[in-house]
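Right, one structure below, let's go through it.
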């Protein structure tokens, strides 16, 4: 299939490469030219502007609402260039509000819109092991299916309303932040009580919490390995903010999310904005006066 | 080995039975006589008072600090009756403070003290599938090891200081409450946005949160199946209180735990004290005005 | 002086009337015509559009950002019609962000911009007893001074940067919400303990908290007199939201404000959106299961 | 009247002196002898033990539950020595639970018990300007009235149940902490926005918040004048803990109090335990990265 791909960041690069590998004809656009050139060597066509990207399905994979709006509504933006029947497969983690706005825009233009945010880090993107949460009208989802299949290990089709996929994605990220904060409080308390945090970690992750999310973030917190960032802290703040905005719009109080937001703000205020989002765990340590290296490993 | 067992509640019954099955000579005490009689039919000896329970290792499995104190310090209590060298294997979920007090008491009396709280519900207790978190002096733990092995699928020896096992247990329960509250907030938000909660559940529990604790509590919340209680709400409040008391004693702020505490108090205040502790999820629904049956299943 | 006045709501009406009384020549605009006609009978000129309002100083007194933006940037908006040297005296409680945007806009157009939000309810507006918090360039403030003097009992000039006045106003409203929530928690606790809330009220308001804000809101909460609303609950939510947005923009965690926000959202979700903003106190009562009439008065 | 007085700390000293000045015959006991000797020079008799203190009314003014329990139940404690009909005027800020226990104890012994905690700092105690919140059976309150009148500017009789006075006192202290935290958050936000905190202070304390509690604590926070402590931070933590314990016992969630508790714990954990309790304001500054001197004054 002819597929367009906009956004060759650490995630997008691997995703676009997997489309090429799967035999699709891929035209790519990226703001900075290097990543596009790299993919061109593997068979991609380079588009000079978002508008120049072609294909029956156009994938966007950008960092936030602002970047996606720039690609859509800029002078040489995608919105004015897409043809009828084309499907916009929007895989960025963006707000429910923007997703609703794009749903309406594409609908009026006779185009398809599928929101399809993903769970997984760059290594999962490179290995076509992403979990993809897709929502949109059945025909559009159907058309985008082979494209998604080439990038993920599993596609969950959750609703005909695209923004539902965005909300589920934000909820998943919220639950990860709850794991981080919960572990941070627990580790701070145990460390101060003289419990060996490695023992705490072992008991938790080999009994009730034997999931990678506890193992990975528990290890990061114990080893204070917040750099290089797997997922940058300000992106975590952004997602928490989007979740709280949905809560505000729908009148849903979210006390855990409110605490997480304050953890993120305090982290940015204190100079931790370049670290991994798990570094919000430093706040619980700071509050408790646990300021030495927790673990020797 | 000669083993004493005090406390034949829904957990203790299965645990004592597994000791008999493993070939130990077990004498049992329970405040109400029926459960003891039942075990007598399977080979246990009945002790008329806690003090009358014999054995090289005496197991206590009681509901809270008050119950354990009553058994220890009552007129015919265990404290005055235990012989030197005997090991008290204390498996209740009790406070760090009481555990420290018993550590000192037994030490002065030349007895052993092993704190060994468990993760697992009554069915796991019956099936000898408990996870046991043990701490105490090496010799005492060594002596109690065959007793623990007969009741659990795995024993984690975490420290020479008994109270460390209690704190780890409380931390594990705290993380479960964080899962419940996180899921409750997420489900309330999605439900109000019109997302099918079953889809949300599917995506979460088949991607990042593929652990039984998410599957079980997610299902309970979706189906509002809070009765009969697997673990009664006031016991969850008790454990949260004990965790916060440890935080207070050690000067460790615990903002998530503080929210959980308020959820428990509000639940008790509003008449949900007989429900499963997962019913704190009703508060997030109430706050959001999500008051109808979430899921039809 | 020739003064324009846009926004004749419950506050603006009294304020415009005081300008007339003080001898200014006032032209008024209001979206619905009735209040303008009423003032015309007292000497005001009626402008058909915001753009048609004249004067050396133009006052705007609107309910929120959206209403002020509509007046400024609508087809017949004020922004395109104001002449050089004219001063826009912006008295609405709006966001720091909008205030900064208007500061830049007016500066480029060679006009003055003074942010001057007020403390006081409609009765204070009618009696020219408002407290006015003003910020802007000295010359513009100077020019607007007689206009402010005619409406308030005191003008605080706080900064040359207009948005500072907006932030101070939002902070004042935030502190009021803290008074409401603090009183609500205290009253819920005492009521449940069997303390006569009137005695609690008397002790508090005649010792350390002898300020009208405690007396008024304490009385409202004790008597559950949330209707008719002196200040509508959704306006309180709006101001809390604006404060939190400032905190977000500046990386300042605000845990009390986060709780207040959740109280407002829960109140809206449960149908209390038409009540006075003090009705967030109902949440503390609900959480505590204090559901009967607290006070007989 | 013959009056006993136990506890000559910074508060008690001035209170006992005022009793002497008012013409009462006062016998005093204090753990360390110096303050007692000082009062002896002014006419007091010195008692060697709490039990040796005589009088128709015996005042206790101690720092916390533990100190009061030591005086009551120690070997030479007051409990065993008080005669029938004597009234124990208990003016310490202690827990509702201890107050209830003493109520029962004195009742059984045919003695009177009046709980009468105070609002006011040492200078108010010295000047007989305390606000006294009294509760107890009418006859006992009547008997203690002249004693209270000699120490306070006003006595509020709030209930026949002594512990009600204790709860009202704790509630008052809680509202003070809410003022401190609210101001701290507001000042952190404004400081970071570039608003002159002195202007913020002026606007707030000369409009809606013109009460000494805002003026005093606002000034302390602006000037970071946390030492010497007027009221030590751990005492504030103690009172917050007692309030939360009452909330726990009565199933009343107290979200503001929970945040205050965490502020106190973080302050102790980070070495601020010797400062004035207003130093919890440092946490909001720290979270916001506002770490320089806020005000030049």
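We did not get these values from a lab; they are worked out from the coordinates using the rules stated. Everything numeric in this text was worked out from a predicted model, so none of it was measured. All Cβ positions, glycine included, derive from the backbone under ideal geometry; neighbour counts span all protein chains shown.
Failed condition for residue B:168, given (1) in a helix (DSSP H, G or I); (2) more than 7 Å from chain A (Cβ to nearest Cβ); (3) within 18 Å of the chain's Cα centre (by Cα), with all others met?
Unmet for residue B:168, out of (1) in a helix (DSSP H, G or I); (2) more than 7 Å from chain A (Cβ to nearest Cβ); (3) within 18 Å of the chain's Cα centre (by Cα): (2).
Residues of region B:182-194 being buried (at least 24 other Cβ atoms within 10 Å of the Cβ) and at the interface with chain A (Cβ under 8 Å from one of its Cβ atoms), which ones?
Within region B:182-194, B:182, B:183, B:185, B:186, B:188, B:189, B:190 qualify.
Kindly state which helices (runs of 4 or more DSSP H) lie completely within region D:195-297 and contain at least 3 residues that are within 13 Å of another protein chain (Cβ to nearest Cβ) and touching a residue at least 60 places away in the same chain (Cβ under 8 Å). Let's see the steps before the verdict.
Details: elements: D:197-205, D:212-223, D:233-250, D:255-269, D:281-288.
Counting at least 3 such residues, we get D:233-250, D:255-269, D:281-288.
Can you name every residue in region C:14-51 that is touching a residue at least 60 places away in the same chain (Cβ under 8 Å) and touching a helix residue (DSSP H, G or I) at 6+ places or on another chain (Cβ under 9 Å)?
C:14, C:15, C:17, C:18, C:19, C:22, C:24
For residue A:68, which of the numbered conditions (1) touching a strand residue (DSSP E or B) at 6+ places or on another chain (Cβ under 7 Å); (2) part of a helix (DSSP H, G or I); (3) in contact (Cβ under 8 Å) with a residue 40 or more places away in the chain fails to hold?
(3)
For region C:103-161, which fully contained strands (runs of 3 or more DSSP E) count at least 1 residues that are more than 17 Å from residue C:12 (Cα to Cα) and more than 14 Å from chain D (Cβ to nearest Cβ)?
C:112-115
For region A:4-61, how many residues meet the condition of being surrounded by fewer than 24 Cβ atoms within 10 Å (Cβ to Cβ) and assigned to a strand (DSSP E or B)?
4
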